[in-house]
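**Q** One structure is given below, represented as structure tokens, and several questions about it will come after.
The values are calculated or read from the model by the stated rules, or taken from the named source; none is laboratory data. Computed from a prediction, not measured in an experiment: that's the story for all the values here. Because the Cβ atoms are built from the backbone with ideal geometry, glycine has one as well, and the counts that use them run over all protein chains shown.
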Amino acid sequence: MDKFIEKLEEYKIFNYLLPGIIFTYLLKYYVGIDIFQSNVIEMAFIFYFIGSVISRFGSVVIEEILKKIKFIKYSNYNDYINAVKKDDFIKKLLISNNTYRTLCAGFLLILIIKGVKELVNYFNLQTGIIYTIVIIFGFILYLLSFKKQTGIIVKRVDKVKSEENKTEN
């Protein structure tokens, strides 16, 4: 277990593992859904995966909504890349920034799950329907994450190509 923790990047500890732990505790004690397992390694992977889902929800849902309503504004991506090369502290600020976004997403998801649980109980819905909705939600969430990540990769490749073209001329 210690080796697993050592290999995790700081970003993944604060944006996947920690939010996954907090979310799982809130899920048990606030919502009444207990997914804890006796196997520590299994729980570490559950915490990590849940944190990953929360992080993706924060990135592709919360962040996009906040950008659209102009609650947040990002720097130009190329400016950001250049600034990181000159000021390494920006990377630490980004980790904190994304941790806040992930925690916001986790708290919102807890409220959504609590509401859905109440509706399921009130309307006496079958759990199979809920599982299907969760799987569809997961598919869409990770599909949008894939699209967003691909866009970031393309921007970085384009930036490198642009810099190479400048040095050749």
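**Q** Name, by its number, the condition in (1) under 17 Å from the mean Cα position of the chain (by Cα); (2) at pLDDT 95 or above; (3) of a type in the set (Asp, Glu) that does not hold for ASP34.
**A** So ASP34 meets the others, but not (1).
**Q** Return yes or no: is TYR48 surrounded by 12 or more Cβ atoms within 10 Å (Cβ to Cβ) and in contact with a Lys or Arg (Cβ under 8 Å, 6 or more places away or on another chain)?
**A** Numbers: surrounded by 12 or more Cβ atoms within 10 Å (Cβ to Cβ): yes; in contact with a Lys or Arg (Cβ under 8 Å, 6 or more places away or on another chain): yes.
Here the answer is yes, as TYR48 does meet what is asked.
**Q** Then there's this: If you check every pair at least six apart or on different chains, which have Cβ atoms under 8 Å apart with a residue in the range 77-96 that is more than 18 Å from SER59 (Cα to Cα) first and a residue that is not in a helix (DSSP H, G or I) second?
**A** ALA83/SER75
**Q** Taking THR127 and the conditions (1) closer than 25 Å to LEU66 by Cα; (2) at pLDDT below 95, which numbered condition does it fall short on, given that it satisfies the others?
**A** In the conditions (1) closer than 25 Å to LEU66 by Cα; (2) at pLDDT below 95, THR127 misses (1) alone.
**Q** Checking the conditions here, which among ILE69, ILE110, ILE129 is surrounded by 11 or more Cβ atoms within 10 Å (Cβ to Cβ) and either among the aliphatic types (A, V, I, L, M) or within 21 Å of LEU144 (Cβ to Cβ) (or both)?
**A** Testing whether each residue is surrounded by 11 or more Cβ atoms within 10 Å (Cβ to Cβ) and either among the aliphatic types (A, V, I, L, M) or within 21 Å of LEU144 (Cβ to Cβ) (or both) leaves just ILE110.
**Q** Would you confirm, using the coordinates I've provided, whether GLU10 is touching a residue at least 12 places away in the same chain (Cβ under 8 Å), among the charged types (D, E, K, R) and either touching a helix residue (DSSP H, G or I) at 6+ places or on another chain (Cβ under 8 Å) or surrounded by fewer than 15 Cβ atoms within 10 Å (Cβ to Cβ) (or both)? Write out each step before concluding.
**A** Working: touching a residue at least 12 places away in the same chain (Cβ under 8 Å): yes; among the charged types (D, E, K, R): yes; either touching a helix residue (DSSP H, G or I) at 6+ places or on another chain (Cβ under 8 Å) or surrounded by fewer than 15 Cβ atoms within 10 Å (Cβ to Cβ) (or both): yes.
Answer is yes for this residue.
**Q** Could you figure out which of (1) more than 14 Å from the chain's Cα centre (by Cα); (2) among the aromatic types (Phe, Trp, Tyr); (3) under 19 Å from ILE33 (Cα atoms) isn't true of PHE89?
**A** Among (1) more than 14 Å from the chain's Cα centre (by Cα); (2) among the aromatic types (Phe, Trp, Tyr); (3) under 19 Å from ILE33 (Cα atoms), the lone unmet condition for PHE89 is (3).
**Q** Looking only at residues that are closer than 20 Å to TYR25 by Cβ and basic (Lys, Arg) in the range 92-119, which one is farthest from the chain's Cα centre (by Cα)?
**A** LYS117
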